[in-house]
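The values are calculated or read from the model by the stated rules, or taken from the named source; none is laboratory data. Since we're looking at a predicted model, the values are computed, not measured. Note: ideal-geometry Cβ built from the backbone for every residue, glycine included; neighbour counts use all protein chains shown.
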Amino acid sequence: MLFGGNAGMEAPGARPDAAESEEVRLVGRIAEGDRRAFEMLYRRYFPRLARFLDRMLRNGPLIEEVINDTMLVVWQKARQFDRSSRVSTWIFAIGYRRALNALRQQDVPVESDADECMADAAQEPEEQLSRQQMQRIVGAAIDTLPVEQRAVVHLAYYHGLGYGEIADIMNCPVNTVKTRMFHVRRRLKLLLADRLEET
């Protein structure tokens, strides 16, 4: 695996069926207008969507706006959820499309929190400093990728999704996802080799 520092990552297909069943029930209740069920699903997905969208948008207020737009669609279209995919795949697909629309409408420079990370890291022991530097280097390398490739990386490595689910979210063939991942790995190896030589 290219990124070894993600101990909390779920492996593809690792989420228990019980959690999926609960989410399907929540969507069913939302379709009937149950606001409490919507609140529960919103709270469950807000942090997951925020992590995913952060790599695409890099803009806190815009991320929150896209999450709210995404969950509004979930509220409005819950009756149309046909269980042909997992609830998470359906929600992430909505979020991905909303993020692409937001990017097309924005002409805002990408924010960088590298200086803040460096300041925090300076107060840590040497081992944590080294780990944070590596995370910063990997994050900066990922940020240089085209948005579609960043999304593939984030969905695969940080959300533990398989190529089939990623293809559903991004509305493209599985082979396209595989091709994007191939190019990602090749490009990141070059970028990381260059940046590690500089440090």
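Across region 80-89, the qualifying residues are those that are part of a helix (DSSP H, G or I) and touching a residue at least 60 places away in the same chain (Cβ under 8 Å), and the one among them that is farthest from GLU20 (Cα to Cα) is THR89. Filtering region 93-130 to residues that are part of a helix (DSSP H, G or I), at pLDDT 50 or above and farther than 28 Å from ILE166 by Cα leaves GLU126, GLU127, GLN128, LEU129, SER130. The single condition among (1) closer than 30 Å to THR144 by Cα; (2) modelled with pLDDT of 90 or more that GLU23 does not satisfy is (1).
Picking from residues in region 140-190 that are more than 21 Å from TYR96 (Cβ to Cβ) and out of contact with any Leu (no Cβ under 9 Å at 6 or more places or on another chain), the one that is modelled with the highest pLDDT is ARG186. Within region 149-196, the set of residues being part of a loop (DSSP other than H, G, I, E, B) and aliphatic (A, V, I, L, M) comprises LEU161 only.
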